[in-house]
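Data first, discussion second: the structure below is written as structure tokens.
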Amino acid sequence: MEITTLHYLVVASALFIIGTIGVLTRRNVIIILMSIELILNAVNLNLVAFSRLYGLQGQVFSIFVITDAAAEAAVGLGILIAFFRNKETINADEIDLLKF
Amino acid sequence: MDPVATPYFFYGLSAVAVLSAVGVIMRRNPVHSAIALIFTLLSLAGLYLMLYAPFVAGVQIILYVGGIVVLFLFVIMLINIERMQREYQFNKQWLVGLLAAAALGALFVAVYVKGQSIFPQHAVRFPEQLNTQQVGKMLYVDYLLPFEIASLLLLVAIVGAVVMAKKRI
Amino acid sequence: MADILKSEQSPSSVEHIEAEKGVDQPFLDATELILNMGPQHPSTHGVLRVILKLDGEKVLNTECVIGYLHRGVEKIAEHRTYAMFNPYVDRMDYVAAVSNGLGYCEAVEKLLNVEAPPRAQWVRTILTELNRIASHQLWLGTHALDIGAITPLFYTFRDREEILKIFEKYCGARLTTHAFRIGGCLYETYDGFEQDVKKFCDFVTPKVDEYETLLTTNRIWLERTKGVGVLKAEDCIDLGVTGPVLRASGVKWDLRKAQPYAAYKNFEFDIPTGQNGDTYDRYLVRVAEMRQALRIIRQAVDSIPEGPIMGKVPKVMKPPVGEIYHSIEAPKGELGYFIVSDGSTQPYRVRVRPPSFVNLQALSKMVEGALVADVVAVIGTLDIVLGEVDR
Amino acid sequence: MADFSNYLNSNLTPGQAGAHLWVVIYILIIFAAVSLAVIAMNWLERKILAHMQVRLGPMRVGPHGLLQPIADALKLLIKEDIIPENADKLVFWMAPLVVVITAFTTYIVIPFGPTHAVTDMNIGILFMLGVASLGTLGIIMAGWASNSHYPLLGSLRSSAQMVSYEVAMGMAAVSAILMTSLRGTGVYGIGSPTADAIGTLSMIEIVRAQMNQHVWFVFKFFPLGLAAFGIFAIAMVAETNRAPFDLPEAESELTAGFHTEYSGFRWSLFFLAEYAAMIAVSSIAVTLWLGGWLRPFPHWLSGDAWDTAFSIFPAFTFFVLAGMALRTTVRMPKHPYFKIQKAGLGVFGLLLGGIGLVLLVPPVRDRVQDIYWFAIKVAAFMYLYIWYRGTFPRYRFDQLMRLGWKFMIPTGIGVLIATALVGVL
């Protein structure tokens, strides 16, 4: 049986949904950030899978997405450390003061 | 040259990717989550290789696994996680979250089922040997402006991360 | 006065750090870490325990815990006759046992009002200086090992072996020699002692240069030692730090010159000093001291007087009632003995001023704000021997 | 089965030729050879270091301690495997495996000869650097899972160190990759000015480029290639956590760093991985700058006579080793105590001589000489590793970071830009 693009899309959507569930339900900000990485990876898989059909733009764009993910992780974790230092917690539902 | 036993590799890698992704969001201990994330990312790198995108696979390994996850682990080690492990892991809106995710999933399924007819039937085969050159050419010729913007973004991210994480500026 | 005392309190105390942080930052730092270094640790030179409060790698506070090797040497002295206590002092600074014995014997001699004959004085000087070289060699090897250079250790131990051979030939023991007796030396020098010592001097002079080739201009060594563990001259004097650590801070203070004992006033030698008081200067001072020690030994060997080697001491030593403080320049600093006599055969009280113990006080001042690796380097550069710290 | 024998006539690596059985054979051979090299390296390091330090090193187990590594391995295998009570068992168990697997995975793309590689990827060098950087993960996992302060500090140091030095390594590697696509000889006129130049990331193609351009990249654009090589050679020492950059396992500071709590077999896995990683990064350096499997002066000293002369080298090396072993055998004291040792060393010497004789047979000779030149270059790096360890004190953490970020990375970027400029002008 040949593996078609649809197969990859199914895997990607599964990852996307798992990531969404993680973002929506977990309290730990680190896990939320990881779930965001999962979502971005699902997008990447989609892009690369479609690049097999339509050309290399998808791969190029997935590289941009990875760059973006790196920037997002760095800043997100920086905020996290600053927050933990002040509040001693990294639970998302306790981060509700908009200041610290 | 055709890849070996493609379906089995595909199913194996996707199973690892999805199961570890479940592990990422289910584990109580963030370090275990991060390790599960490594497995997801590595199997995705494998899937990229199967999709004739070796450069993206290399970047995935070197940047994602070697960089971002190391950053995650680094931060987890700096933060006392013992307390967090004893707390409730899920917030109160888990039902809403699940419903939203289910709706999203249904939407995806619908789109794929409907949209499959418009995909080109035959995959474009790129010569794998020239993948890196072609991606590089595209990055530096067609997408030069986005590339420069991405580098600016990284610079901003560096400054932002330093400002955020530094104790006294 | 009380205020002055307060302000002079060690600024690295816990209260100080808390105060420095200020009230608007009452949190526990995310990266703060208590690291328990020792008593079982490769580079605390024995059973020293240092509790480090770290911020990442930076040392916020140190606390030394000592006493793991406490044997109550000073208390034992109260139940031993003067002669019987002599071997015990060797067990304090066991890498410079000869110096310990010299200090004790001279202190008791002073108390008894006897003087060792000149020949004994000369032999004592030679052996003590040999021991100073041995001690510095051991220090150099282990200090370099702490900083990560593993090779100098083997070079220094190879050369230290020659000194130990001379000791062994002279008195039968290599480490805890018990070479001296109250009133002189027990043993006459063996045949060929002078030649052996001279041969050793010729052998070891190029070897000292060899250590220097390995380390003195090594970039990494310079980076690791320059500006690390700086101790200013005033701080040294305030803390009572003596020996090479004091001299590296620029204070020209050496008991061999300041209050000459044994035969030192007969020999010419310089007191090497440093300027910056950092780890590198202490290294240079100790290496220079090895050379000066060789110079003293050469002069002494050439001029050993003839005569008896043991003075006239009563069989039962009963010093007059009184007290005495006598100190010598041990390899690690001022080694002093304070002996109170009640006129009996046993001392009423003996108190030792061990250089290692006093020098160790400077540790927390020296590593303030340094990194973990510097703590190791500073413990090494202080040249402590835990047998002497804990006694 | 026809595939199996047909492969030998092809000029491709088994991975490219699609000879799956040969892939498995190659992987097994490489695994065995690297393990053997690690064992040999263990013995050599102890002996060479000992002789640098005026001592003898292992002398008791076997003649001149030759069997010492085996005895050590046996000891480690039967030693009790301790897992600390409060350790995270799963992660503690996984960490050494991650380190070993990443260290050995890099060998897939190392070209020991034009056909002697498991496969050739067109992202070869990227793959190697990426997989080599995964070793950090294992070290972080080990340090964290031990639930102890020394390993934690060690793994924090190690991750920071490896992440920083990877950048310098990458910069240096990129300038070598750039050289594959640049014509020209530089100011000193080294190499062929007219050779065709193709940009490539593939390890085999990089060596081929050096062959076509008649120059090892360490000499190309003279000071630039050397500078990039120097940066890589320093960064790779830091990357493998060896002296003078061995802070993660700084014995005098952190007792044993990230593997403080490991013992027995798990510890030996870390040991194996460390040496395997050393050989792997040395192989990258040899491939990128020192002409990989190329023999010295393939163009200047060309011709059949020279080819034959150089192809005798492997056999000659083994004969020299055999001669040394036999000489020591003869010089051993005539005492019954040395009987077994004498016999053992004699047999070992004869074995080496026999291998030398086999290497003289023409077909073997031609196939082996590529591997020989590669191995001898890697061995030079291994000797350097030992030499560093015997000579240098250890850097402090902030100095290490300063060296990495303020010297190596800017220099690397500068060399990269200069290489590009020289190549274009």
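Scanning the range D:197-247 for residues that are polar (S, T, N, Q) and more than 14 Å from every other protein chain (Cβ to nearest Cβ) yields D:210, D:212, D:213, D:240. Among the residues of the range C:225-240, not a single one is of a type in the set (Ser, Thr, Tyr) and away from chain D (no Cβ under 11 Å). Filtering D:291, D:344, D:303 for residues that are modelled with pLDDT under 85 and closer than 26 Å to residue D:110 by Cβ leaves a single hit, D:291. Being away from every other protein chain (no Cβ under 14 Å) and either crowded, with 16+ Cβ neighbours inside 10 Å or touching a residue at least 24 places away in the same chain (Cβ under 8 Å) (or both) is a description that does not apply to residue C:57. Residues being under 25 Å from residue C:224 (Cα atoms), among the β-branched types (Val, Ile, Thr) and at pLDDT 85 or above are entirely absent from the range D:370-385. Quick one: would you say residue A:6 is under 21 Å from residue B:36 (Cα atoms), facing chain B (nearest Cβ under 7 Å) and without any contact (Cβ under 8 Å) to a residue 60 or more places away in the chain? Criteria not met by residue A:6.
The set of residues in the range D:347-363 being without any contact (Cβ under 8 Å) to a residue 24 or more places away in the chain and within 13 Å of residue D:308 (Cα to Cα) consists of D:361, D:362, D:363. Only one of the numbered conditions (1) under 21 Å from the mean Cα position of the chain (by Cα); (2) surrounded by 23 or more Cβ atoms within 10 Å (Cβ to Cβ); (3) closer than 21 Å to residue D:120 by Cα; (4) not small (Gly, Ala, Ser) is violated by residue D:213, and that is (1).
Of all residues in the range B:31-50, those satisfying the criterion of being more than 18 Å from residue D:135 (Cα to Cα) and surrounded by fewer than 24 Cβ atoms within 10 Å (Cβ to Cβ) are B:46, B:49, B:50.
For the range D:73-110, a tally of residues being in contact (Cβ under 8 Å) with a residue 12 or more places away in the chain and within 22 Å of the chain's Cα centre (by Cα) returns 16.
Checking residue C:276 against (1) within 17 Å of residue C:225 (Cβ to Cβ); (2) buried (at least 19 other Cβ atoms within 10 Å of the Cβ), which test does it fail? Looking at each condition in turn, residue C:276 falls short on (2).
For the range C:160-172, the set of residues classified as buried (at least 20 other Cβ atoms within 10 Å of the Cβ) and either within 12 Å of another protein chain (Cβ to nearest Cβ) or more than 22 Å from residue D:50 (Cβ to Cβ) (or both) consists of C:163, C:166, C:167, C:170, listed by residue number. The residues in the range C:272-286 that are outside any loop (DSSP other than H, G, I, E, B) and on the phi > 0 side of the Ramachandran plot can be counted, and the count is 0. Taking the criterion of being within 11 Å of chain D (Cβ to nearest Cβ), more than 19 Å from residue A:16 (Cβ to Cβ) and assigned to a helix (DSSP H, G or I), the residues of the range B:39-68 that qualify are B:49, B:54, B:55, B:57, B:58, B:59, B:61, B:62, B:63, B:65, B:66, B:67.
Counting residues in the range C:55-62 that are touching a strand residue (DSSP E or B) at 6+ places or on another chain (Cβ under 9 Å) and over 23 Å from residue C:381 (Cα atoms) gives one or more.
The values are calculated or read from the model by the stated rules, or taken from the named source; none is laboratory data. Source: prediction; values computed, not measured. Glycine gets a Cβ as well: all are built from the backbone with ideal geometry, and neighbour counts include every protein chain shown.
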